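Structure, as structure tokens:
The values are calculated or read from the model by the stated rules, or taken from the named source; none is laboratory data. Predicted model only: the values in this text are computed from it and were never measured. Please note: Cβ atoms are built from the backbone with ideal geometry, for glycine as well, and neighbour counts cover all protein chains shown. With ligands, DNA and RNA removed, areas are computed over all heavy atoms of the protein, side chains included. Shrake-Rupley method; radii C 1.70, N 1.55, O 1.52, S 1.80 Å.
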Amino acid sequence: LAALRAIPGLQVIRPADANETSAAVRLAMLHDGPTALVLSRQNLPVVTDGSGVEFGAGLVQDGDDAVVVATGSEVSVALAAADELSGDGISCRVVSMSSWDRFESSRRRDPSGADSILPHDVPTVSIEAGTTLGWDRYADVCLGIDRFGASAPGGVVMRELGMTSEAVAAAVRELIGR
């Protein structure tokens, strides 16, 4: 993902679900240049309405105490973490950031719109099943895979590499000091 995001002019979109995938395909056809659609091999629950893809990021769940920003299959992990945190009285915003380049372009055009989705003054954790390289521009704590991956069924790999709702919830608790 980091290598794809580094290619000039390449629109990179990593949808969270079928709704975001549908929106991404439409935007790929309208885009004047190449698009990389980074899709999951696993079945994913539908957790978004797909509207955030055009802006590059969209609010999936609102909350005040912390933000978890995620892409692709990790958006459902972020939602599960937010659900766990709500049991502790922690209100967690979940953001699906399907496209860094689209978000950055949108932020240049509409800084207040970008801040309304991904506020810069709220403690933020990112999660993506890839390198954490670059996520520090969006998050205070970055969960990812900064080593060579593994091959196994999706759920097994995610657990082994720490890409779980429990790991996200623990990172949020530590970040906000609870």
Leaving ligands, DNA and RNA out of it, work out the accessible area of MET29 with a 1.4 Å probe and give it in Å² to the nearest 10.
-> 150 Å²
ASP64: accessible area at probe 1.4 Å, nearest 10 Å²?
-> 120 Å²
Inter-part gap, Cα centre of region 112-169 to Cα centre of region 14-39, in whole angstrom, is 21 Å
Give a quick list of chymotrypsin sites (Phe, Trp or Tyr not before Pro) in region 77-178 that DSSP marks as loop, anything other than H, G, I, E or B, with at most 15 other Cβ atoms within 10 Å.
-> PHE148
Per DSSP H run of at least 4 residues, take -39500 (n - 2.57); add these up for the chain, divide by its residues and hand me the 222 nm value, nearest 500 deg cm²/dmol.
-> -11000 deg cm²/dmol
R0 = 22 Å: FRET efficiency of ARG147 with ALA3, Cβ-based, nearest 0.05?
-> 0.90
Any idea of the accessible area per residue across the chain, 1.4 Å probe, to the nearest Å²?
-> 49 Å²
For the pair ASP64 and SER105, what calculated FRET efficiency results from E = 1/(1 + (r/R0)^6), where r is the Cβ-Cβ distance and R0 = 22 Å, to the nearest 0.05?
-> 0.20
Comparing VAL67, VAL47, VAL157, which has the greatest mean-square fluctuation in the GNM of the chain with Cα pairs linked when under 10 Å apart?
-> VAL157
So, with +1 on the Cβ of K and R and -1 on the Cβ of D and E, and no other charges, what is the size of the charge dipole of the chain about its Cα centre, to the nearest 20 debye?
-> 540 debye
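As a test, work out the antiparallel percent of DSSP beta bridges whose residues both lie in region 6-151, rounded to the nearest 5.
15 percent
For region 31-149, what D do you get in µm² per second when you plug the Kirkwood radius from alpha-carbon pairs into Stokes-Einstein at 25 °C and 0.890 mPa s?
167 µm²/s
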Please work out whether region 91-178 counts as rounded, prolate or oblate from its C-alpha gyration tensor, where a ≥ b ≥ c are the square roots of the eigenvalues and a/c under 1.5 means rounded, while otherwise a/b larger than b/c means prolate and anything else oblate?
-> oblate
What shape does region 1-74 take by its C-alpha gyration tensor, where a ≥ b ≥ c are the square roots of the eigenvalues and a/c under 1.5 counts as rounded, a/b above b/c as prolate, and the rest as oblate?
-> prolate
With +1 on each Lys and Arg Cβ and -1 on each Asp and Glu Cβ, how big is the dipole of region 47-94 about its Cα centre, in debye rounded to the nearest 20?
-> 120 debye
On the accessible surface of region 1-129, probed at 1.4 Å with all protein chains in place, carbon and sulfur together account for a percent value of 51 percent
